[in-house]
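This report concerns only the one structure given below.
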Amino acid sequence: MTPRKSDWQNIDYFLDAFAKVSKNFIDDLDERNVAQLGVALEARLLSPAGEGFQSALEILCDQIVPQLSASRGPRYWGFVTGGATPVATFADWLVSSFDQNLSKDGDSIASDVERQTIRWLTELFELPEEFDGIITTGATSANFLGALCARQFAGLKQGIDVAKEGAYALDIEIFSTAPHASMIKSLGMAGLGQRHVSYINALPNSEEMDTADLARHLSQSKVKAKVIIASVGTVTATDFDDLETIISLAKQYDAWLHVDGAFGIFERLLGSNHLSKGLELADSITLDSHKWLNVPYESGVFLTRHLKLLFGACDVPAPYLVSNPLRPDFMSLGIENSRRFRALPVWMTLLAYGKKGIAKWVQSNIDCARLLADKIQASSYYELVLDCKLNVVLFRPDSQGLSAKDADEKAEDFLEKINAQGKVFLSPGVWQGKKIIRAALSNWETQPLDVEIAFESMLNVAQDYHENLHS
Ligand SMILES: *Cc1c(COP(=O)(O)O)cnc(C)c1O
């Protein structure tokens, strides 16, 4: 099949096929196993002449679609996984129809939509107007931009434009307590070094930074530039660093403060007494849209009050691509030059659901996590490892009378068996040296009924285990 312009005369045919595949997939979400374990793709050589659309579609539907996960559904509780609302999914479909390139201004309104999206996000999270930023592919790339800005800041303090001269002579110390693995990766990619972190103690039985220890480290540090990386919602215990205290220390020691709030920032939509108080004074912030905002992958956000530094790190050194520093093009603020209209699903989500609509599913996820935690606590088969603070539940099978090693093995065994049942998908974790099971709820559709279904599956696994013990 040689594509020709006239193929668009068949647009109804493509739309019909698209509608069928999409509808079947979404309709069947509840029937399929939440995760497909042990999948395999049939080997196939590259087709020299092309199979044609009809045949490619059949292969797709036979061999690929049945082996996909239900990660967009309400019981995929592994990692921190958002679904995709109908509005966001609709807008994401259109991103391909429109096929805009948001590298530079000058040919369409699309970049302005991204600018408006960033504005709306600062309003959503009650952040001051000085914050500006860019839509990224996720929190990892946002953390990478955070590392680049911190690096640029550190350079300027010692007369080096790191983007131009390199990081060779940089005198910098980075302080953090429980950085996400993607932050460590980002420090490596930014040339600052994955191991170049001065770890600050956590408070007892938590991942929250001990600010007295931070103060001690800062006062003893002799480097020319200091960087603090704090968390708003750590990935295991959902702890929030005490940003108000950290900010005052950052001011005192002229340190850069980057905050990773990938999913925890959504707590700001609830009530008025935010756990992330002080966030409005951070130098830069990471958040994800493909988690709790329930926009399709890949969608994250990087915000900073120092857009000039981001521009300094990411501007494209080509005369024919020159960007106006007063109104920089997005290619001069991020990793990619050519960029998808990734802003559109976020823009349409914010427009259609509003703060209230989004807050509703955030609160509902928190309530469902509480419900699950209560069920676990009341069950003799399972034990809650840490009290549930937000949308994450940490638990393991009952470990009474077991050695640490046996308890770890039992947790691994249960996790494997629960996931194999296909009713819910959970992740492994480690808490205070113990292997645990972790459920993170961040899908807009999750309801108490899903908690019932998942918990029933967990009980089945536990009952089978005990029957086998006694037989
Ligand atoms: C998920 C997560 C990340 C990484 O996000 P991706 O979107 O997967 O790149 C970073 N930080 C935190 C706290 C997260 O929860």
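From the list Thr238, Thr286, the one residue that fits, being buried (at least 24 other Cβ atoms within 10 Å of the Cβ), on the phi > 0 side of the Ramachandran plot and either in contact with a helix residue (DSSP H, G or I) (Cβ under 9 Å, 6 or more places away or on another chain) or without any contact (Cβ under 8 Å) to a residue 40 or more places away in the chain (or both), is Thr238. Checking Glu31, Glu42 one by one, the residue that is free of Cβ contacts under 8 Å to residues at least 40 places away in the same chain and more than 30 Å from Gln447 (Cα to Cα) is Glu42 and no other.
The lone criterion from (1) over 27 Å from the mean Cα position of the chain (by Cα); (2) part of a loop (DSSP other than H, G, I, E, B); (3) not basic (Lys, Arg) left unmet by Gln54 is number (2).
Looking only at the stretch 25-45, residues that are exposed (fewer than 12 other Cβ atoms within 10 Å of the Cβ) and either among the small types (Gly, Ala, Ser) or under 21 Å from Phe90 (Cβ atoms) (or both) come to 4 in all.
Every test in (1) assigned to a loop (DSSP other than H, G, I, E, B); (2) open to solvent by less than 70 Å² (accessible area, probe 1.4 Å); (3) touching a helix residue (DSSP H, G or I) at 6+ places or on another chain (Cβ under 8 Å) is passed by Ile335 save one, and that test is (2).
Screening the stretch 385-462 for strands (runs of 3 or more DSSP E) wholly inside it with 2 or more residues that are more than 30 Å from Leu270 (Cα to Cα) returns the ranges 434-440. Within the stretch 86-99, none of the residues are within 16 Å of the ligand (Cβ to nearest atom), at pLDDT 95 or above, assigned to a loop (DSSP other than H, G, I, E, B) and surrounded by 17 or more Cβ atoms within 10 Å (Cβ to Cβ). For the stretch 132-188, the tally of residues that are within 16 Å of the ligand (Cβ to nearest atom), in a helix (DSSP H, G or I) and of a type in the set (Gly, Ala, Ser) stands at 10. The set of residues in the stretch 196-250 being more than 15 Å from the ligand (Cβ to nearest atom) and aromatic (Phe, Trp, Tyr) consists of Tyr199 alone.
The lone criterion from (1) away from the ligand (no atom under 16 Å from the Cβ); (2) open to solvent by less than 20 Å² (accessible area, probe 1.4 Å); (3) not in a strand (DSSP E or B) left unmet by Ala262 is number (1).
The values are calculated or read from the model by the stated rules, or taken from the named source; none is laboratory data. Fair warning: this is a prediction, and the values are worked out from it, not measured in the lab. Because the Cβ atoms are built from the backbone with ideal geometry, glycine has one as well, and the counts that use them run over all protein chains shown. Just the protein is used for accessible areas: all its heavy atoms, side chains included, with ligands, DNA and RNA removed. Shrake-Rupley method; radii C 1.70, N 1.55, O 1.52, S 1.80 Å.
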